[in-house]
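See structure below.
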Amino acid sequence: MTTFNDVIDRAMFLQQDYRLDKLYVNDNESFTMFITQFLLNSIDTFDGVLDSLSYHSEVIDDNTIYIFDRELTSKEIYILALGISIEWMSNNLLDITQMNLHLSTRDFKAFSEANNLQRKSEVLNTMRENYYKNITDYQLSNISSLPFFGGN
């Protein structure tokens, strides 16, 4: 079965962030709990999935791990990992500390921060387009499984 950690590991290769890396090294349990929330959001937004993304928890060596009730395909894992990256980027974009930088009295700093936020917003939109393109490709490669075309 596919674990949440399988998806999270894949997501960590899609992005580089020193804050996540540091959290992973300093407190792996907190890291996993934190990223799991992004994965749960990714599960909820994966509307085009062809099979259930249901999961359950198991306690192994005093650690609670979450496991999907079926083996996910590599493409499903990739799409969920993309969703984690989008959730992380969206979280960063909405970070109030980024907004507070605009309150500086220096016009140059406010201007450069505005450009930074605009660029992050553009990157997030591109990530979302890629996410939905991957869902569409996933569905098209499994078109016979879609209800309209004779699937369940």
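The values are calculated or read from the model by the stated rules, or taken from the named source; none is laboratory data. In this text, all values refer to a predicted model and were calculated from it rather than measured experimentally. Neighbour counts run over all protein chains shown; Cβ positions are idealised from the backbone, glycine included.
Under the condition of being at pLDDT below 90, in a helix (DSSP H, G or I) and within 19 Å of residue 78 (Cα to Cα), the residues counted in segment 121-152 number 6. All of 35, 65, 77, 43 fail the test of being β-branched (Val, Ile, Thr) and either farther than 16 Å from residue 1 by Cβ or loosely packed, with under 14 Cβ neighbours inside 10 Å (or both), apart from 35. Out of 53, 14, one residue alone is surrounded by 15 or more Cβ atoms within 10 Å (Cβ to Cβ), in contact with a Leu (Cβ under 9 Å, 6 or more places away or on another chain) and not in a helix (DSSP H, G or I). It is 53. Tell me, yes or no, whether segment 75-85 has at least one residue that is modelled with pLDDT under 95, of a type in the set (Ser, Thr, Tyr) and within 30 Å of residue 116 (Cα to Cα). Yes, some residue in segment 75-85 is modelled with pLDDT under 95, of a type in the set (Ser, Thr, Tyr) and within 30 Å of residue 116 (Cα to Cα). Pairs meeting the criteria (first residue in segment 36-60 and over 20 Å from residue 12 (Cβ atoms) and among the small types (Gly, Ala, Ser), second residue loosely packed, with under 14 Cβ neighbours inside 10 Å and modelled with pLDDT of 95 or more, beta carbons under 9 Å, at least 6 apart or on different chains) are 52/69; 54/69. Checking every residue in segment 22-29 against the condition of being surrounded by fewer than 16 Cβ atoms within 10 Å (Cβ to Cβ) and either closer than 25 Å to residue 130 by Cβ or modelled with pLDDT under 85 (or both) gives zero matches.
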